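First the structure, in the form of structure tokens, and then the observations on it.
The values are calculated or read from the model by the stated rules, or taken from the named source; none is laboratory data. Keep in mind that what you see is a predicted model, and the values were worked out from it rather than measured. Cβ coordinates were reconstructed from backbone atoms using ideal geometry, including for glycine residues, and neighbour counts include every protein chain displayed.
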Amino acid sequence: MKVIAYDNFGPATEVLNLQDIKIEKPKQKEVVIKLKYSGVNPSDAKARAGNRPGVLKPDYDLIIPHSDGSGVIEDVGIGLDRSLIGKRVWIRNGQWKRPFGTAAEYITIPIENTVEMPNKMTFQEGATMGIPGLTAAQGVFGSGSVKGQILLVSGGNGAVGHLAVQLAKWGGAKVISTGSQSNSHSILNNGADYFFDYSSDNLVSQILEVAPEGVDRVIEVEFGLNLTWLHQVVKPNGSIAVYGSAKEMNPTIPFGLYLFKAIKIDIFLIYILPQKQRELAINFLHSAFEQKALTPKIDSIFKLENCALAQNRTLESGRNGAVLLEI
């Protein structure tokens, strides 16, 4: 099978190479999936570049990147019914603590890492459900129902943000979202009730003007940059669901300002989400999709051999949804 792989850290165009390797035979409770799309995320690009703290070389001799994807089950291992063959599935944790991910024609993976797709979900949409979808669902619903609440979604046009806006609106919340001015129309079309430019000098006062008592929950992609002011717009006993802080990984927290409002900082990592929470998140995603309240956006689609361009695209500003590889 054709794959994109690397064996050293470095720039995408230098270390990602098209190769031909054998398809892995499925072991017990594993399936072989013929892939249609691979979902490309910023975490894939950062891992390939060697940007994880304390990691000096790849964990495996050869790595096929990407954890998200979609396709059709083509073979099953011992302990699985052959009626699974032909099922349309999306994939989670394809390359989490595993060497071979979804930038390939096939992936052999534990059945528990697959999710059967709703009938009307396309393979492109399915490839966005893993990291972006589960992150959005956990970010919005991680502390329970949001009906009647006010939520603030940071970066409402990103791969996670645009899904979070839609899920929050579907869940019955009033939604405020930040982003770049050029994306205001798109964010409002996603369902946000209010949009504010994240670079505005008056951002706090603008948010408080429409939410005088503050917001109940924030879904935050850049915690390190924004923690200096978030406490001003969160209600006492409110929460901040944190899934990213790439631009400032070692922030200093003004602890007293958070303490005396009893603001909960809810940091989560979707790769290790406990099973019960993961099942709830999947149910939220599929229910919203089937009720036509969730429409994943695709920013761009690249061919497998152009994986380097796809990874680089995930790190560029101004993206409008997810980045995919067409296999």
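Within segment 245-272, can you find the residues that are within 24 Å of Gly50 (Cα to Cα) and either out of contact with any Asp or Glu (no Cβ under 9 Å at 6 or more places or on another chain) or not in a strand (DSSP E or B) (or both)?
Ala246, Lys247, Glu248, Met249, Asn250, Pro251, Ile267, Phe268, Leu269, Ile270, Tyr271, Ile272
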Legend entry - Single match in Gly77, Gly101, Gly71 (criterion: in contact (Cβ under 8 Å) with a residue 24 or more places away in the chain and closer than 20 Å to Pro58 by Cβ): Gly101
Legend entry - Contacts under 6 angstrom Cβ, first residue in segment 41-63 being under 13 Å from Val15 (Cβ atoms) and assigned by TED's automatic domain parsing to the domain that holds Gly94, partner in a loop (DSSP other than H, G, I, E, B) and hydrophobic (A, V, I, L, M, F, W, C), 6 or more apart: Ala45/Leu315; Gly50/Phe9
Inset, instruction - Among the candidates Thr102, Thr108, single out the residue that is assigned to a loop (DSSP other than H, G, I, E, B) and modelled with pLDDT of 95 or more. - result: Thr102
Inset, instruction - Test Ser186 against the stated conditions and say whether it is surrounded by 17 or more Cβ atoms within 10 Å (Cβ to Cβ), in contact with a helix residue (DSSP H, G or I) (Cβ under 7 Å, 6 or more places away or on another chain) and polar (S, T, N, Q). - result: no
Inset, instruction - Go through Lys27, Lys46 for me and flag whichever is among the basic types (Lys, Arg), modelled with pLDDT of 95 or more and either outside any strand (DSSP E or B) or closer than 21 Å to Asn306 by Cα (or both). - result: Lys27
Inset, instruction - Please state which one of Ala103, Ala136 is within 22 Å of Asn306 (Cβ to Cβ) and crowded, with 16+ Cβ neighbours inside 10 Å. - result: Ala103
Legend entry - Residues that are surrounded by fewer than 24 Cβ atoms within 10 Å (Cβ to Cβ) and free of Cβ contacts under 8 Å to residues at least 60 places away in the same chain, drawn from segment 174-183: Lys174, Gln181
Legend entry - Failed criterion for Thr13 (all others in (1) part of a helix (DSSP H, G or I); (2) on the phi > 0 side of the Ramachandran plot hold): (2)
Inset, instruction - Give, as residue ranges, the strands (runs of 3 or more DSSP E) completely inside segment 139-244 that count at least 3 residues that are of a type in the set (Phe, Trp, Tyr), modelled with pLDDT of 95 or more and more than 18 Å from Phe268 (Cα to Cα). - result: 194-197
Legend entry - Yes/no for Asp61 being of a type in the set (Asp, Glu), at pLDDT 95 or above, within 23 Å of Lys22 (Cβ to Cβ) and part of a loop (DSSP other than H, G, I, E, B): yes
Inset, instruction - Being assigned to a helix (DSSP H, G or I) and basic (Lys, Arg) is the filter here, so list the residues in segment 80-99 that pass it. - result: Arg82
Inset, instruction - Just name the residue that is surrounded by the fewest Cβ atoms within 10 Å (Cβ to Cβ) out of those in segment 298-323 that are of a type in the set (Lys, Arg) and at pLDDT 95 or above. - result: Lys303
